[in-house]
């Protein structure tokens with residue numbers, strides 16, 4: 001676990017541009033189940049997140065077509081949303097991770 005004061009600027013890098021922070025597995029499940037597109041960023045303290053993932057996710061929003069919602073969880077801090085074995089996160093988790101989910105109405 002990383003101390004809150006260490007990750008605060010890294011969290012704010014995304015929340016300042018409108019990403020919603022999710023802190024538990026239920027919130028992640030609810031976000032992904034929403035109709036439309038959801039851009040999910042699994043944030044991290046690593047250099048890859050700082051140099052590529054966060055800036056890339058932010059730059060991806062600078063155009064006419066945007067996801068319906070943007071959400072983020074923080075690896076190494078918010079473990080509960082990521083370590084639930086029945087979720088896709090548990091099977092494919094590598095950080096940082098940027099994932100675009102599409103949920104259509106049935």
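Here, each number is a calculation from the coordinates, and none is a lab measurement. What you see is a predicted model, and the numbers here were worked out from it, not measured in a lab. Glycine gets a Cβ as well: all are built from the backbone with ideal geometry, and neighbour counts include every protein chain shown.
Here are a few things to note about the model shown:
- Fewest-first ordering of 44, 60 by other beta carbons within 10 Å of each residue's beta carbon gives 60, 44.
- Here the simple spin-label model places points 7 Å from the Cα toward Cβ, and for residue 50 and residue 33 these points are separated by 3.8 nm.
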